[in-house]
Amino acid sequence: MAPLTVKYTEVQSHSGNDGALRGKLRSIALDALGRKTSWFPNAQLRMQPRVQLIYIHHIFQDEIEHFRGLLKHFAEEYTFISYSEAINRIQKDQIDGCYMAFSSDDGFKNNLDAARVLEEFGATACFFLNSKTVGMTNHEEIKAFCQQQLHFPPVEFMNWSEVNDLKRRGHEIGSHTSGHFDVGRMAVTDFVHDLKSTKKKIEMETGTIEHFAFPYGRWNNFSAEALAATTAAGFTSCATAERGCHLPGTYSENPMIFRDHVLAHWPSHHMDYFFEQNVRRAMKHTKQPYP
Ligand SMILES: [Zn+2]
């Protein structure tokens, strides 16, 4: 039986030559676009008050140092706030500085390392969990779930005691459906049922939760009806995996939460490029359509 994945280099070899080549080409393109300088150069964009949310999935052993380096870079420009404070500032239009908040999806056990590094910077995250995988120990079950739902090699998941420990340390917990479903392909009635039962299960284990994040998170992985259902089920916010930042006054036009995906080994100037694009796009007030 193959062991569970503990290093990011194992994930990279799992994705094969195609994945490695894509990664290299992407990196070359971003080097050119990001000008290899630290932070984006346009002072007006840089000073624009905003909330930038980022999300991760994992911090493997060989990613810890990279993650620390990225946070150090982000901390030079952003004030780190909790996920709930970010949501509150976005929804109440209290965006008076450059804020950053963190979240992590899918509940891998190596999120505990991510939490420890965040804590070094006085930061916390909201961990979006699939209730079905918390405490999953059967190797074959883990392998099948990771492969089918996450398109990932097998990685160990957190258990409820670890989740509760994160809460005690000031982190937050959110729902990511019970089994990492593509809500865009699900009947709304089935989604509503899962939304309620998952909320109940997580709350039974850890106490009240407020936030929801759609698995896969692209526009075609949910709908306006699904968004309305999360509000009806008592969630305060609903997160996508679409890149973007929040400027004063933009939430009322499109009440969704944008988050930028981050891999710990990505160079900081690549992230700066994305963040600069986010500000440019948000300043145009473009409304994202549902499919
Ligand atoms: Zn996910």
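Bear in mind that the values in this text are calculations on the coordinates, not laboratory data. It should be emphasised that the depicted structure is a prediction, and the values quoted were computed from it without experimental measurement. Positions of Cβ are generated from backbone atoms using ideal geometry, with glycine treated the same way; all protein chains shown enter the neighbour counts.
As a rough guide to protection, the peptides 23-30, 117-124, 47-54 ranked by mean Cβ packing within 10 Å, highest first, stand as 47-54, 117-124, 23-30. The alpha-carbon of Lys72 sits under 21 angstrom from the alpha-carbons of these lysines, leaving out residues fewer than 8 places away in its chain: Lys36. Secondary-structure-derived ellipticity at 222 nm for the chain, considering helices only, amounts to -13000 deg cm²/dmol, per-run term -39500 (n - 2.57) for DSSP H runs with n ≥ 4.
What do you get for Rg/Rh over segment 34-189 if you use C-alpha atoms and the Kirkwood form of Rh?
Result: Rg/Rh = 1.01.
Looking at segment 59-130, what % of the alpha carbon pairs are farther apart than 16 Å? Percent of Cα pairs beyond 16 Å in segment 59-130: 50.
Show me 203-209, 135-141 ranked by packing, highest mean number of other Cβ atoms within 10 Å first.
The packing order, highest mean first, is 203-209, 135-141.
Distance between the C-alpha centres of segment 128-153 and segment 40-101: 29 Å, rounded to the whole angstrom.
For segment 143-271, the relative contact order works out to 19 percent when only alpha carbon pairs closer than 8 Å and six or more residues apart are counted. Measuring spread by the Cα atoms of segment 19-283 yields a radius of gyration and Dmax of 17.9, 53 Å. Each DSSP beta bridge with both residues in the chain is either parallel or antiparallel, and the antiparallel ones are about 10%. If I build a Gaussian network model for the chain, linking alpha-carbon pairs within less than 10 angstrom, which residue out of Ala232, Ala241, Ala32 has the largest mean-square fluctuation? Maximum fluctuation in the GNM of the chain, among the listed residues, is at Ala32.
The mean sequence distance of close C-alpha pairs (under 8 Å, at least 6 residues apart), as a share of the length of the chain, puts its relative contact order at 22 percent. For segment 205-220 versus segment 242-279, the inter-centroid distance based on Cα atoms is 18 Å.
Annotation: Cα Rg of segment 133-211 relative to the compact-globule expectation 2.2 N^0.38 Å equals 1.17.
Measuring between alpha carbons in the structure, the pairs from Lys196/Lys284; Lys143/Lys201; Lys109/Lys199; Lys24/Lys92; Lys201/Lys284; Lys143/Lys199 lying more than 31 angstrom apart are Lys196/Lys284; Lys24/Lys92; Lys201/Lys284. Computed extension length for Glu253-Ala32: 76.2 nm, one decimal, from 0.36 nm per residue of separation with the Cα-Cα distance subtracted.
Between Met283 and His193, the modelled label-to-label distance comes to 4.9 nm, taking each label 7 Å out from Cα in the direction of the beta carbon.
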